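Heads up: the structure comes next, in structure tokens.
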Protein chains: 4
Amino acid sequence: MSVFAPRDPSYAARVRDSFARQGIMGLIGARLTRIEPGLVEIAVPYRKDLSQQHGFFHAGVTGTIADSAGGYAAYTLFPEDSSVLTTEYKINLLAPADGRMLRALGRVVRSGRTLSVCEVDVFVERDDGTERLCARMLQTLITLHGRADDRTGRAG
Amino acid sequence: MSVFAPRDPSYAARVRDSFARQGIMGLIGARLTRIEPGLVEIAVPYRKDLSQQHGFFHAGVTGTIADSAGGYAAYTLFPEDSSVLTTEYKINLLAPADGRMLRALGRVVRSGRTLSVCEVDVFVERDDGTERLCARMLQTLITLHGRADDRTGRAG
Amino acid sequence: MSVFAPRDPSYAARVRDSFARQGIMGLIGARLTRIEPGLVEIAVPYRKDLSQQHGFFHAGVTGTIADSAGGYAAYTLFPEDSSVLTTEYKINLLAPADGRMLRALGRVVRSGRTLSVCEVDVFVERDDGTERLCARMLQTLITLHGRADDRTGRAG
Amino acid sequence: MSVFAPRDPSYAARVRDSFARQGIMGLIGARLTRIEPGLVEIAVPYRKDLSQQHGFFHAGVTGTIADSAGGYAAYTLFPEDSSVLTTEYKINLLAPADGRMLRALGRVVRSGRTLSVCEVDVFVERDDGTERLCARMLQTLITLHGRADDRTGRAG
């Protein structure tokens with residue numbers, strides 16, 4: 001992994017503002033736990049209403065926090081007047097997400113002018129406190145230049 | 001697409017029961033709208049707390065209902081005493097999920113003894129009533145034989 | 001699938017020229033068998049030196065012709081003064097590629113100014129003449145504007 | 001990454017034998033350059049007949065050696081009387097494969113009884129001798145138990 005230099009010194013505030021506008025993060029109880037150049041971590045504690053049919057975290061929750069962790073990891077390296085959208089991602093579910101906490105660690109693999117590629121590891125904290133890699137995501141993001149994140153999007 | 005014959009005549013009830021145990025579906029307000037052999041559809045009306053930072057449906061919601069639609073499409077063709085888990089999926093976000101309803105239509109591409117492959121189209125119903133393809137998923141599922149769906153999983 | 005209108009009437013000649021510059025296509029004996037707006041087909045007859053360890057077509061050959069079929073399907077809809085590069089693809093191998101001919105049919109799902117998404121089906125023609133879907137690819141392509149295909153690239 | 005213990009002490013010979021039966025590896029001039037428990041590397045020198053339309057290595061060559069590097073990395077950990085097949089893979093092309101040598105380094109992420117997941121990095125050695133990450137693959141493999149690799153497959 002390279003070391004990345006952010007182009008906008010206020011990258012962390014920019015990520016926090018955008019995260020706060022993601023309604024879904026409030027709904028599922030997710031929190032931003034790390035913001036560094038090229039790296040963002042999001043965690044969510046277990047609740048029964050986040051489950052799939054066997055009571056584990058639903059793959060959709062895993063995918064949701066992984067997608068945001070990767071997207072914001074890329075976004076830390078974007079210029080100020082820009083916005084980020086996910087183009088596509090692929091996720092391998094490596095082990096059941098059976099535990100009390102889910103943690104997605106997104107890291108930039110390549111940061112280009114138009115496209116960025118991130119990798120995200122998702123860990124589940126078991127009831128006994130040990131952690132286990134439960135998913136890996138490989139993701140492509142696109143930079144929307146000249147469209148600040150809080151001026152893009154749906155009215156209301 | 002082939003025509004598929006279910007091995008378990010009670011496949012629809014089995015899908016409905018399993019869906020009802022997915023806590024996340026209640027949380028986001030998703031509904032099962034079609035169950036046929038090799039095909040399942042799930043829809044979710046827009047709410048602000050399902051949004052990403054621009055107010056559109058979050059890709060995680062798209063991924064969540066697409067993953068369940070594909071998983072249950074595969075599950076309609078499984079034997080009675082079995083369970084389904086997602087191995088991996090890849091999703092392309094083709095257009096912003098900007099509208100009042102999201103609808104994921106999952107279809108089986110290949111149904112094998114151990115592995116199944118599904119394709120899922122996600123449509124967004126715009127505010128003017130028109131529909132638009134906003135995502136496509138390609139997904140791999142695994143059959144857990146001899147483990148009925150309601151006897152697998154997390155205690156409590 | 002939508003019906004697509006090419007922006008450059010000489011799209012087929014442009015695809016043929018580019019294909020002829022792909023050294024790998026000559027090496028493996030691949031032929032362009034269909035070129036239509038938003039659709040390209042490539043076929044390759046079986047040879048022992050295209051095999052994996054069990055004597056079937058190697059997944060790399062499947063991936064190679066599928067990648068070019070999808071890439072050129074997208075390219076049929078590009079403007080004249082442009083070039084195409086694959087950003088990423090995902091391929092599911094649905095059945096052993098065991099037969100005398102492999103045929104990749106690439107189709108555009110979405111054609112955007114910067115990014116295109118294609119889906120490719122690969123069929124294997126068995127020794128008894130029947131055909132079978134053996135792979136499906138979902139692929140993202142990028143348009144390089146202002147860089148004609150024959151003026152991009154490696155010297156020599 | 002975990003450290004992996006092979007179940008079959010003759011894993012390296014098993015990989016070499018299987019590789020030698022992959023006709024495509026001879027055709028493109030690929031060589032096995034590392035075999036360790038859970039890790040395999042394959043390299044291929046540049047030739048004009050491995051190129052895409054701009055003269056770089058074709059993504060299909062990148063995909064071919066990456067697929068085999070990941071598949072054999074998984075296979076080092078399989079029991080003696082087994083065979084390996086790729087279920088699916090996803091590859092991101094991060095930079096043009098423009099150089100004199102391509103090197104795919106496959107590593108096991110998860111080794112399960114039925115399914116394994118590998119990650120493969122592909123590096124291109126530029127003409128000036130420097131190396132650059134040009135692709136990353138995330139791949140799912142399946143173990144065929146009770147079917148030794150040299151007794152599976154196509155007659156003749």
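The values are calculated or read from the model by the stated rules, or taken from the named source; none is laboratory data. Computed from a predicted model, the values in this text were never measured in an experiment. Ideal geometry is used to build each Cβ from the backbone, glycine not excepted, and the neighbour counts take in all protein chains shown.
All conditions in (1) more than 16 Å from the chain's Cα centre (by Cα); (2) farther than 22 Å from B:Ala20 by Cα hold for B:Met137, with the sole exception of (1).
What residue, among those in the stretch D:107-132 that are hydrophobic (A, V, I, L, M, F, W, C) and within 9 Å of another protein chain (Cβ to nearest Cβ), is farthest from the chain's Cα centre (by Cα)? Across the stretch D:107-132, the extreme among qualifying residues is D:Leu115. Contact map, the stretch D:43-59: residues that are at positive phi paired with residues that are of a type in the set (A, V, I, L, M, F, W, C), Cβ distance under 9 Å, separation 6+ or inter-chain. Pairs shown: D:Gly55/C:Ala155. Of all residues in the stretch A:120-130, none are in a loop (DSSP other than H, G, I, E, B) and either touching a helix residue (DSSP H, G or I) at 6+ places or on another chain (Cβ under 6 Å) or within 19 Å of D:Asp121 (Cα to Cα) (or both). Taken together, the residues in the stretch C:70-85 that are buried (at least 24 other Cβ atoms within 10 Å of the Cβ), within 13 Å of chain D (Cβ to nearest Cβ) and out of contact with any Asp or Glu (no Cβ under 9 Å at 6 or more places or on another chain) amount to 2. Criterion applied to B:Glu41, B:Glu36 was being touching a Ser or Thr at 6+ places or on another chain (Cβ under 9 Å) and surrounded by 21 or more Cβ atoms within 10 Å (Cβ to Cβ), and the one residue passing it is B:Glu41. Being outside any strand (DSSP E or B) and in contact with a Cys (Cβ under 9 Å, 6 or more places away or on another chain) is not true of C:Ala13. Scanning the stretch B:78-87 for residues that are among the hydrophobic types (A, V, I, L, M, F, W, C) and either assigned to a loop (DSSP other than H, G, I, E, B) or touching a residue at least 60 places away in the same chain (Cβ under 8 Å) (or both), we see that the one that is nearest to B:Gln22 (Cα to Cα) is B:Val84.
The set of residues from the stretch D:86-117 being among the basic types (Lys, Arg), surrounded by fewer than 18 Cβ atoms within 10 Å (Cβ to Cβ) and farther than 25 Å from B:Thr86 by Cβ comprises just one member, D:Arg100. The set of residues in the stretch C:22-69 being closer than 19 Å to D:His54 by Cβ, within 7 Å of chain D (Cβ to nearest Cβ) and not small (Gly, Ala, Ser) consists of C:Gln22, C:Ile24, C:Leu27, C:Thr64, C:Asp67. Taken together, the residues in the stretch D:88-106 that are over 14 Å from the mean Cα position of the chain (by Cα), facing chain C (nearest Cβ under 7 Å) and either within 13 Å of D:Cys118 (Cβ to Cβ) or part of a loop (DSSP other than H, G, I, E, B) (or both) amount to 1. Only one of the listed residues (D:Leu133, D:Leu85, D:Leu141) is at pLDDT below 95 and closer than 25 Å to C:Tyr89 by Cβ. That residue is D:Leu85. Out of curiosity, is B:Gly29 of a type outside the set (Val, Ile, Thr), within 15 Å of the chain's Cα centre (by Cα) and at positive phi? So B:Gly29 passes the test. Condition check for B:Ile24 on (1) surrounded by 14 or more Cβ atoms within 10 Å (Cβ to Cβ); (2) of a type in the set (Val, Ile, Thr); (3) touching a Pro at 6+ places or on another chain (Cβ under 9 Å): one failure, at (3). Only one of the numbered conditions (1) part of a loop (DSSP other than H, G, I, E, B); (2) over 25 Å from B:Thr86 (Cα atoms); (3) in contact with a helix residue (DSSP H, G or I) (Cβ under 8 Å, 6 or more places away or on another chain) is not met by D:Ala5, and that is (3). The set of residues in the stretch A:26-63 being among the polar types (S, T, N, Q), touching a helix residue (DSSP H, G or I) at 6+ places or on another chain (Cβ under 6 Å) and outside any strand (DSSP E or B) consists of A:Gln53 alone.
In the stretch B:8-21, which residues are in contact with an Asp or Glu (Cβ under 8 Å, 6 or more places away or on another chain) and either within 14 Å of chain A (Cβ to nearest Cβ) or surrounded by 14 or more Cβ atoms within 10 Å (Cβ to Cβ) (or both)?
Hits for the stretch B:8-21 are B:Asp8, B:Arg14, B:Asp17, B:Ser18, B:Arg21.
Within the stretch A:52-65, which residues are of a type outside the set (A, V, I, L, M, F, W, C) and buried (at least 24 other Cβ atoms within 10 Å of the Cβ)?
Keep residues of the stretch A:52-65 that are of a type outside the set (A, V, I, L, M, F, W, C), which gives A:52-55, A:58, A:60, A:62-64.
Those that are of a type outside the set (A, V, I, L, M, F, W, C) and buried (at least 24 other Cβ atoms within 10 Å of the Cβ): A:Gln52, A:Gln53, A:His58, A:Gly60, A:Thr62, A:Gly63, A:Thr64.
Of A:Ala30, A:Ala66, which residue is within 17 Å of A:Pro96 (Cβ to Cβ) and of a type in the set (Gly, Ala, Ser)?
A:Ala66
In this entry, C:Leu138 is excluded by the filter for residues that are in contact with a strand residue (DSSP E or B) (Cβ under 6 Å, 6 or more places away or on another chain), more than 28 Å from D:Arg126 (Cβ to Cβ), more than 11 Å from chain D (Cβ to nearest Cβ) and in a strand (DSSP E or B). Out of A:Phe78, A:Phe4, one residue alone is of a type in the set (Phe, Trp, Tyr) and at pLDDT below 95. It is A:Phe4.
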